[in-house]
1. Compute the signed sum of charges (Lys and Arg +1, Asp and Glu -1) over the other residues within less than 14 Å, Cβ to Cβ, of P181.
2. Could you give the alpha-carbon Rg of the chain over 2.2 N^0.38 Å, rounded to two decimals?
3. What size of dipole, in debye to the nearest 20, comes out for segment 25-171 about its Cα centre when the only charges are +1 on Lys and Arg C-beta atoms and -1 on Asp and Glu C-beta atoms?
4. In what sequence, largest accessible area first, do T82, T167, T21 appear using a 1.4 Å probe?
5. What distance in nm separates the simple spin-label points at A194 and D177, each placed 7 Å from Cα in the Cβ direction?
6. Return the distance in nm (one decimal) between the two label points of a simple spin-label model at A112 and T21, each offset 7 Å from Cα along Cα→Cβ.
7. Using 0.36 nm times the number of residues separating K153 and A45, minus their current alpha carbon distance, what extension gain do you get?
8. Give me the net charge for the shell around L198: Cβ to Cβ below 12 angstrom, other residues only, Lys and Arg +1, Asp and Glu -1.
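The values are calculated or read from the model by the stated rules, or taken from the named source; none is laboratory data. Worth saying up front: this structure is predicted, and the values here are computed from it rather than measured. Cβ coordinates were reconstructed from backbone atoms using ideal geometry, including for glycine residues, and neighbour counts include every protein chain displayed. When the accessible area is computed, the model is the full protein with side chains, heavy atoms only, and any ligands, DNA or RNA have been set aside. Shrake-Rupley method; radii C 1.70, N 1.55, O 1.52, S 1.80 Å.
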Amino acid sequence: MISVHNRERGCGLDVTATLATGRILPVVVLQQARDAAPVAAALTAGGLHCAEVTFRTDAAADAIRVMAQQPGFLVGAGTVLTPAQVDQAVGAGARFIVSPGFSPSVVRHCQALGVPVFPGVASATEIQMALDAGLDTVKFFPAHQLGGIPMIKALAAPFRSLRFIPTGGVNPANLRDYLSPAAVLAVGGTWMVAPDLLAGRRWDEVTRLSAAAVSAAREH
């Protein structure tokens with residue numbers, strides 16, 4: 001099995017290893033690109049050095065372009081649905097791609113570009129599709145609605161080589177539980193970059209919540 005998504009073309013950066021070190025992947029929805037730099041700075045101050053910027057707004061590509069220029073900060077694109085969006089994200093500087101479901105065309109395009117990709121899965125069938133595509137790390141989404149930790153453990157049993165990034169419903173109250181299974185590489189979360197915090201430009205609160213998440217992750 002060739003895990004072509006694990007190494008970023010040209011930089012030699014192992015994205016999966018980077019996520020495994022921090023174990024928290026902030027999922028950011030930015031309405032304005034001008035907030036990209038302050039968000040990256042606030043996350044970094046709290047000990048988080050990465051973010052997934054979702055393609056749910058028109059500001060996504062510009063926000064990624066700004067974050068990609070922040071020293072030591074790893075930025076990827078989320079909610080990527082088409083190969084065209086892959087090109088847009090990578091052109092803006094995204095170092096990895098995340099999709100809400102498994103799209104063979106998106107995965108193939110990322111692999112052709114040498115860009116790490118973490119497709120969303122919700123079932124054993126989709127996991128087997130990911131394995132057939134040569135992947136070893138997937139997003140489990142929406143985690144809470146799909147059964148949470150018990151479901152992750154159930155799926156991890158037959159697919160022992162697979163690593164999961166559960167996203168959807170992860171919060172400070174259950175963070176430690178989601179990080180406990182050995183099959184969990186990292187978790188995706190929005191609470192440290194919640195819409196109300198970004199709208200209010202409450203960067204100190206972003207930093208505080210990020211630092212608390214980092215502290216909790218270090219316990220596992």
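1. On the way: positive: R23, K153, R160, R163, R176; negative: D177.
Around P181, the surrounding residues sum to +4.
2. On the way: Rg = 15.9 Å, N = 220, 2.2 N^0.38 = 17.1 Å.
Expressed relative to 2.2 N^0.38 Å, the Cα Rg reads 0.93.
3. Numbers: 9 positive and 8 negative charges, 49 e Å.
Charge dipole of segment 25-171: 240 debye, to the nearest 20.
4. Numbers: T82 55, T167 15, T21 120 Å².
Greatest to least solvent exposure: T21, T82, T167.
5. Roughly 1.9 nm, to one decimal.
6. With each label point 7 Å from Cα toward Cβ, the separation is 3.2 nm.
7. Numbers: separation 108, 0.36 × 108 = 38.88 nm, distance 3.31 nm.
Length gained between K153 and A45: 35.6 nm.
8. Values: positive: R34, R201, R202; negative: D35, D196, E205.
Value of the local net charge: 0.
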